[in-house]
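Written out below as structure tokens is the structure these notes cover.
The values are calculated or read from the model by the stated rules, or taken from the named source; none is laboratory data. Treat the numbers as computed from the prediction; the structure is a model and nothing was measured. Virtual Cβ from ideal backbone geometry, glycine too; neighbours counted across all protein chains shown.
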Amino acid sequence: MRALATGPRVALAADARRDAHHRVAREVAAAAAPRRHVVGARRDAHARSPGPSARWPPPRGFATGPPGVASAPPAVVRASASDAPDRGPGFGLGSRALDASRLDARGRVPVGARTVILGIETSCDDTGAAVVTGDGRVLGEALASQGEIHARWGGVVPNLAREAHESAIDDVVARALAAANVSPENLSAVAVTVGPGLSMCLRVGVVKAQDLCHQHGLPIVPVHHMEAHALVARVGDGETANESNESNDDDDDALGRAPFPFLALLVSGGHNQLILARGVGEYRVLGGALDDALGEAYDKTARLLGLDVGGGGGPALEALARRGDPKAYRFPVPLRRRKDCDFSYAGLKTAVRLAIERDLGKPADGDAFARARGLSDDDDASEGDAEDPSFSAEETARRDAVRADIAASFQAAAVKHLEERTRRAIAWARESLANDTKPEPSGNLSCVVVAGGVASNATVRATLGAVASEAGLPLVLPPPRWCTDNGVMVAWAGVERFALGLAEEAPSAEQVSTPTEEEPSRKTRREVPLLPRWPLGTKDARATGEVKSSKTARIAPPLRGVSG
Ligand code: KG4
Ligand code: ZN
């Protein structure tokens, strides 16, 4: 009997994400608080042979210590741009820092209409690729979703996700390139998500990007998944280009629709964050998730309500909520007494579960729950949404109405929480910017960006629109298909980082080869640096929230810390 979310191989989506982070990190990480995880490296082989960073020529701006032992975040420092801020770690995906011949006098890469970047995304359960120009034209995009695969197990199963990425990646990249009518040798660079996410999934995209870059001599741009979610709000309309070497900071703002500094509410399956974005790589985290992210809460609630989650728990719950009364249940709006910008959805989730058990009956176990949904032993959990046929038509209608009311009431409380935290974060962001005079004033808050998978939700979009307009700010919402994971956001983050010189020269033959097998009993795998747990920025001093200690273990340094 196949059951929802039970049995050793089955993990709920959110738990799978979290557990996989822990488990995979355990498998691959060196014991001593590593700064960078090298996935696939045999630990003993790693100890014998120099790591990728040790193989590099004394790299300008690259941290030279082997992965896992650096006491400070590895940093790219461009010699030709000593005044430029340090915007993030040098990574080791490529053979060395970008060649000086690519950089202008300020250490930047001239980027514009003729710059063409391929972006690759494989951090969770969507295989995405896209080709975007330096002035923000999306030439081609392709996506393979795994919703149906994981719905069958009640959530994302990391091994299955990896397999699905492996079988989709070549085709997705080929489709994006074909749609763009660009051949790989004509690309300017390849950008790829290196974290945060599931290590075994991230690896698939990174290996593909490294192979392409090696084969065609292209620079490689490591990208932070959540930064990509935020920066997709800056994808331009092809109107502007800083093709010339005369680009200045003002041009940065002209690159896209959300000028810096902006406030971003990032809501996805694994993250709930409010960040003040002052520039590329310059993020202050005003609030984060103390427990579940909102996407997780949507996914779990959808499953508790027995919905067909093949197309995603969030969209299924949103659709059901449209038929319900948001005031039918008074679910608690989380953290009202805490006057900060953190999020918590665990209490709301429990309240919803109790309401379901009270008004719809407690499923004795997963199988009973499946039966209650009208699924037989051989049915896939994704195949139906039917009630037990033994219910009378009247009872079925009552249950359906209850489920819709619970969905609508859950959504109302969940989105109210977003609203309250975002309202406070706008005030915090403005206060920060007002006090922010060093090295120069950052300017006024330009807009509110809402991005990440949950930002495709119509209620979230409408509610946050009202919050922004009440504060006199524009709301910038990426189109729904760029809110959920996609290649465009990675390609665009790649454009923005490439423009700042934050890329590496093509990987060497050694980096893309699998080490020879010294001991036949042991499997050898190629070394691929990843950051499965990578904070986007440093926490604001006003943010008091503590994350569970299990969540703080083996966390990489922030993408970039903003002082103060
Ligand atoms: O950003 P994303 O595609 O992947 C992660 O980085 O996690 O976000 C996926 C999350 C899932 O939890 C999904 O249920 C949620 O976003 N989601 C939604 C909607 N569409 C996707 N949640 C609520 N309403 C939606 N329409
Ligand atoms: Zn995402």
### Task
Taking the residues in segment 433-458 that are touching a Pro at 6+ places or on another chain (Cβ under 9 Å) and of a type in the set (Ser, Thr, Tyr) as candidates, determine which candidate is nearest to ligand 1 (Cβ to nearest atom).
456
### Query
Are any of the residues in segment 318-332 part of a loop (DSSP other than H, G, I, E, B) and within 16 Å of ligand 2 (Cβ to nearest atom)?
no
### Query
Before we move on, is residue 467 buried (at least 20 other Cβ atoms within 10 Å of the Cβ) and within 30 Å of residue 122 (Cβ to Cβ)?
no
### Message
Which count do you get for residues in segment 411-427 that are touching a residue at least 40 places away in the same chain (Cβ under 8 Å) and farther than 17 Å from residue 289 by Cβ?
### Response
4
### Summary
Checked segment 134-150 for anything surrounded by fewer than 20 Cβ atoms within 10 Å (Cβ to Cβ), under 18 Å from the mean Cα position of the chain (by Cα) and modelled with pLDDT of 95 or more; matches are 144
### Query
Residues of segment 537-564 being at pLDDT below 70 and assigned to a loop (DSSP other than H, G, I, E, B), which ones?
545, 546, 547, 548, 553, 561, 562, 563, 564
### Query
Failed condition for residue 509, given (1) more than 16 Å from ligand 1 (Cβ to nearest atom); (2) of a type outside the set (D, E, K, R); (3) in a helix (DSSP H, G or I); (4) surrounded by fewer than 24 Cβ atoms within 10 Å (Cβ to Cβ), with all others met?
(3)
### Message
Considering only segment 431-438, I want to know if a residue exists there that is under 30 Å from residue 306 (Cβ atoms) and assigned to a helix (DSSP H, G or I).
### Response
no
#### Entry: Number of positions in segment 205-239 that are closer than 16 Å to residue 527 by Cβ and more than 16 Å from ligand 1 (Cβ to nearest atom)
10
### Query
Does residue 349 qualify as being closer than 26 Å to residue 264 by Cα, in a helix (DSSP H, G or I), out of contact with any strand residue (DSSP E or B) (no Cβ under 8 Å at 6 or more places or on another chain) and more than 11 Å from ligand 1 (Cβ to nearest atom)?
yes
### Query
Among the numbered criteria (1) surrounded by fewer than 20 Cβ atoms within 10 Å (Cβ to Cβ); (2) over 20 Å from the mean Cα position of the chain (by Cα); (3) under 25 Å from residue 227 (Cα atoms), which single criterion is violated by residue 177?
(1)
